[in-house]
Amino acid sequence: KDLQDWGVETLKIYPDRAELARFQEANHTALRKRWGVYLRRRDFNYQVLLDRKGATGDVLFLTPIIKELRYRWPASEITVVSDFPEIFRDNPDVRLAIKRHTGEPFDYSFDFNLAYENQPQREIVQCYAEVCGFQLSADWTLGLYPNADEERYAHQTMGDSNWAVLHLGPTAWNG
């Protein structure tokens, strides 16, 4: 039986077989891009690599991105490559923070190096979200995860008073 006899709606839009084949290939490519990892493994436990060497503050700005990735892919395992892995030492959403990529394969890899440097008028976190291909939720809170010793030291040093800390230099950016 000819496909046109089946009443397939797509054939009404693309009656030319060659055009239909191009449409189907584009659809198939989009499906593989979006669902390829799931179709290979049949789970959503993605292995995710985030790469941001940069300065301490630039690396710290990854924490809202990590929260968003955890929200979107709760079963994912996130590895961060950074010159400052200690920032993620006690972060419950990070499986591993390392200084150099070990070559292990990842399902998704996001390179945040130079993500905002050419757009200094934009928020760093917005530029990082664009690298991942999503809009960030309203919560842009940076995540600091001090361990018990660090909390004890902070309490002994600062007491119960409120503090605001400003870092005024050195930096390559005009402040």
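The values are calculated or read from the model by the stated rules, or taken from the named source; none is laboratory data. From a predicted model like this one, the values you see are computed outputs, not experimental measurements. Reconstructed Cβ throughout: ideal geometry from the backbone, glycine too, with neighbour counts over all protein chains shown. Side chains included, ligands, DNA and RNA excluded: accessible areas come from the protein's heavy atoms. Shrake-Rupley method; radii C 1.70, N 1.55, O 1.52, S 1.80 Å.
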Asp149-Arg17 pseudo-label distance in nm [points 7 Å out on the Cα-to-Cβ vector]: 7.3 nm
Label-point gap, in nm, between Lys33 and Glu104 - each point 7 angstrom along Cα→Cβ: 2.8 nm
With all protein chains modelled, accessible area of Ser161 [1.4 Å, Å²]: 70 Å²
Hull volume in cubic angstrom per residue (convex hull over the Cα atoms of the range 66-123): 114 Å³
Three-way shape call for the range 104-161 based on the alpha-carbon gyration tensor, with the a/c threshold at 1.5: prolate
Simple spin-label estimate for Leu166 and Asn118 in nanometres, 7 Å along Cα-Cβ: 3.3 nm
Sequence of Trp163, Trp140, Trp73 from largest to smallest accessible area, 1.4 Å probe: Trp163, Trp140, Trp73
Chain lengthening between Arg95 and Glu77 when straightened (0.36 nm per residue, less Cα-Cα): 5.9 nm
Ranked packing of 62-71, 108-117, most packed first, by mean Cβ within 10 Å: 62-71, 108-117
Tyr153 accessible area, 1.4 Å probe, all protein chains in place, Å² to nearest 10: 150 Å²
